[in-house]
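Please read the structure below before turning to the comments.
Computed from the coordinates by the stated procedures, all read-outs in this text should not be read as laboratory data. The shown structure was predicted, so the numbers you read here are calculated from the model rather than taken from an experiment. Note: ideal-geometry Cβ built from the backbone for every residue, glycine included; neighbour counts use all protein chains shown.
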């Protein structure tokens, strides 16, 4: 059984709980160490609730202690504020510990490449939780495209739209506290909306199609705030096709609407995060088919390990759990000296690097009269 | 921390895994004992995977041993074949252990009443996992109706339709093995389809409306098999309104479609299990509103403890986890000598009794020229 | 070119205008005579707006005059209040004039059979505008079932639900005037809701499946009014399968929701009047296909004469126009001494007879403790 | 009663029939003259079917003869191939006859401005059938935005996607003949896809929001053909907000999917041509409301003249008929020396001018490395 630790994730932090419950889906890993909060009481609270063996006051202490123990943790899950991902991840890598890190990986391309290099050099697993790629049908979509079901990709339209920052737009005082750091470049990097949700579009489209972006152009909208709250992006892939990406946090009536549509010369695939158990597949010249997760007519391998039967909503926890399952399998394989071989697998530090490059290119284009930026 | 055990649920049994993962959402309970299979190897397999303290060869042995231990389990989760629920549940109750049992509770009304009586007499918790009542919006729906948002209920239309037994209908040899026991009265009781999924309609409508069925009439269809695969039921509630229920396992194109619509004289509420994060609410004379889980405009208490933010699908595991959370809270309250007080709570053995009565009334009506049967 | 007349349909009457515009889709027929209102000014108003050759003060006068003229009308369109359909239709038939009549055909089975007999004896066309059968995809549905695409029908679920009488339920004074006659047995016959919209369910299911109802049972709800506003019906077809029908005019949030689902042992077809250009077709064991009107993958003959291309909503007028087109073709064929031969055609007086029988059986069952009524 | 003529629209031409039937909805206009085809037999065929008074061999002859007659036509409907719109429209304007012209108005900005100038100078009505603005809910949408229901527009996302040219892309020989002219610049102007359907996006967004485009940038895709089949466009409105437009004729599974979403700082409105009777309205901070056409809770004036009741699909013919009704009212008002005063009215030659400018700007940007083009 693998042992893991966590940095961040006090009982009141939403995303840490989700990670813990998702890892809990897999009996092959157990939480044994943590630095859940700089507040010593909050740190202890998690220890008590989860009966955790050891807690640390700082992540540096944790990284060096765990790296030194013969029974130290096999991987760490980093669920701290975005601005701290880089230093924490680097610290654990330097102590020989694999990393699962929330997105965005970090704020600059240099940092991103450094983390990628450290992980590769030390043969460590480094996953970035672009969670939505963990849904079963996202993986089926990837395989179907890989199997030629829609032919060559000729057009992409993808969006990720929310409305939860609309309140702040018209009345900053009424906003939710959570968003304060999202408007501060020191805490959010060069971008708010593109960094927060636009990168999910980029990583998801890349995950399912394998397409690489050659260049892109963009407009962003700040509506008087310091950072972007809305962005339109046109990308050109290396195969010559174009894609349009739209992300927004001020689109009234849209909650968490990642909607990805891939059009090929032999058909199309359309998928929506808010209805993750449904995939709309149209073979050229035929009627659209509403493919449901868990059904016998799906031939793709990634559909085999269904955790809940068809017609029973899979939910967000399963998306996280699928990513962690792959991470755990990979670490176990490396420990056993074998290779983790899986058709559809988890987003790695390289995807994190792509994400950081993407965000910088979008902001650079927006700041340069929407001119093309090579990636 | 509570300790719990499980009867049934080997690694290859689907529903046992779902229960374990769902209970795992709550750090207040820990799996310490089990009788996961009569096959000793399979029993050991679960023990090893989950590092479980003690396993037993029979449920009788487990019930008496755990009942006798000072550190014995606080509750048992029963996930065995339907025909064994009664004897197993009875055994644990007699040993002073609270029970969570998969539906259907048992096969006869006498058995059901006996279990209810045993639980009450011994002040034990007895939950029946009518899972779909665990979705957050099912609970919001219950509160909204309770708060008068749709006025008096004047009509109900509810259905639960699947298609997975259609294959067997036309070609018995090609069927899935799983369904064999569903067609055998010794293993399924007097009904297949009504007992399996029709009871979910009955319990869900009762859960959200509080309405009691006064009488009902029904037709069932066996299509040449021994037990029902399709049923149409008209119910009359004690308030005089009628409801139409339809359940089927041979409706091509429908996976697990529990669809419940409640119409009142001031508005309506419509909800679908396959899209559990959406509730269609129409106040009389206004446009339908698509209420999404996790949003600030929901005023109901049951919406407060959201595990995932709006727009992120909640999924089946959360429905299970919500029921277990209430069960755990109730057991802890009883141990502390207090009362578990919650607006929307879990289905109990009394709901299980209603379910058994419902199934028998439906089959009696179908066998008596669809005449009215009092409940 | 055929000549036609109209009884009823003053400029302020909604349905008369719809009929006129729908017939206008066909250049083979022209409005030349009418008795649009007993109010002489309103009668003249239509004459002036539409430049009509001759108007009459009474339908009796019109029927005999037109029947006597060598250039008299070829058919009459009757769009008067329901209680007058019988006498008007009879009058025109006796004068040798073909009839298109709004539903319901009449109020008693005897009247219905008399009209059927008169039409047959005189070889006259008699259409009843069960309009929804005129949608292109309703006809495609009929052909697909006829071609065996879903095998043998094993279950039916159909409903027609509205909410426009909900206002009157709770506050009679606030109701719309239109509904007054709907609550008066002298003006509505034995039923309000079943007669008004329930019959559409019966006729539509019969149209697409060809199934005949052997017997039925029902509950109705009047909510303190004189006539039914809601009804649940279970039918048994001659092939042994059951169907559940629900009609209501007090279901908040539902406008004109005729929703028909036919399940066979090889697949299913599901269609909704409010989205008439879409047909959900699920072959057994495959993903549901969203069949759109006007596409090349539809092989059925009835899809050939598309009036608007795919993706452009067809609308209610086309449903009416398709029925009138068939009526006109039939009359022209009879005049030419040939036979009108068309796979999918219009509802006739025989369908009107079935409708009247259906309504009476439903009310008889509801009045007799929901006992089975043979048809 | 007005008299009108038509150029183009033989019996086999789809769109001419649609125009004739739509105008037929209005008893205030009558078809009396035409030049339906250069093929004399086809010309006569329409005359016979519709009993038309006079036909002409050429449009020039028709324009001068009708302009000279005291009882000449009041307006002409031009439904010929796109490349001929300009000369025909000009000819009728010069003869003092009002014009209704299919879109695109013409191929160059100079031609467009000339037509606009001629119409204005002679006080003639000149409508361009951007049909989708004729749907009742499109007009309600316009009024709601005008009334401030969604506040200031801060983001727009609109698309118009089809798949009917996908066949030609991969196999030119298998294509439909209709599309040949769409790939020939002599017959289609500088653009195929943007000119054909992209302009509908531009005109619709302008119609409902009143926003003017300041500048735009674009990519187009020809996939080896001579003209564009897919285009992505980012626009900047004069108010500083951005919009993203996507048009495609090679998006498998999409038929005629004009989907327009307008986001304001107080709410949003979302509408889809394929479901024209439904408008999704989300006031900030509230649940989305599914507004249906024909309901009493719509307060906008444009909803008053409903032709079919709520829940009965309106359809494409009504969209056309609504535009023609306004055109007829305007011509009658001018003849009476009064002013046609209507909140929501028809698209005019000025909208046609905007459309031509839009197409040229898009192509210019695509040809200039996607640089911004002022409009």
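Per-structure values
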read-out: 20 °C / 1.002 mPa s Stokes-Einstein diffusion coefficient of the range C:279-330, Kirkwood radius on C-alpha pairs, µm²/s; value: 168
read-out: Gain upon complete extension [residue B:44, residue B:61; 0.36 nm per residue less C-alpha separation]; value: 4.5 nm
read-out: Cα-only Debye scattering, the range B:70-120: base-10 log of I(q)/I(0) at q = 0.13, 0.14, 0.24 Å⁻¹; value: -0.27, -0.31, -0.87
read-out: Within a Gaussian network of chain D (alpha carbon springs, distance under 10 Å), most fluctuating of D:185, D:81, D:27; value: D:27
read-out: Rg/Rh (Cα only; Kirkwood hydrodynamic radius) as it applies to the range C:217-361; value: 1.00
read-out: Distances in nm from residue A:53 to the matching label points in the other copies, shortest first (labels 7 Å along Cα to Cβ); value: 2.0, 9.9, 10.1
read-out: GNM top mover of C:309, C:347, C:104 - chain C, alpha-carbon springs below 10 Å; value: C:309
read-out: Calculated label separations, residue B:67, copies of the chain, 7 Å along the beta-carbon direction, nm; value: 5.7, 8.9, 10.5
read-out: Cα gyration tensor of the range C:2-124 - equivalent ellipsoid semi-axes, whole Å, descending; value: 22, 16, 14
read-out: Sequence of C:237, A:132 once ranked by neighbouring C-beta atoms within 10 Å, starting from the fewest; value: C:237, A:132
read-out: Descending Cα extents along the principal axes, the protein assembly as shown, whole Å; value: 104, 79, 56
read-out: For residue C:337, label point 7 Å along C-beta direction: distances to other copies, nm; value: 6.2, 9.9, 10.5
read-out: 5 Å binning of all Cα-Cα separations within the range D:287-375, expressed as whole percents from 0 upward; value: 3, 11, 13, 14, 13, 12, 12, 12, 8, 3, 0
read-out: Distance between the range D:265-304 and the range B:1-50 - C-alpha centres, whole angstrom; value: 50
read-out: Radius of gyration and Dmax over the Cα atoms of chain D, both given in Å; value: 20.5, 63
read-out: Residue and distance (whole Å) for the chain B Cβ nearest the axis that superposes B on D; value: B:289, 3
read-out: Rg/Rh ratio calculated on Cα atoms of the range D:211-253 (Kirkwood radius); value: 1.10
read-out: Sum of -39500 (n - 2.57) over DSSP H runs of 4+, divided by residues of chain D (222 nm, nearest 500); value: -10000 deg cm²/dmol
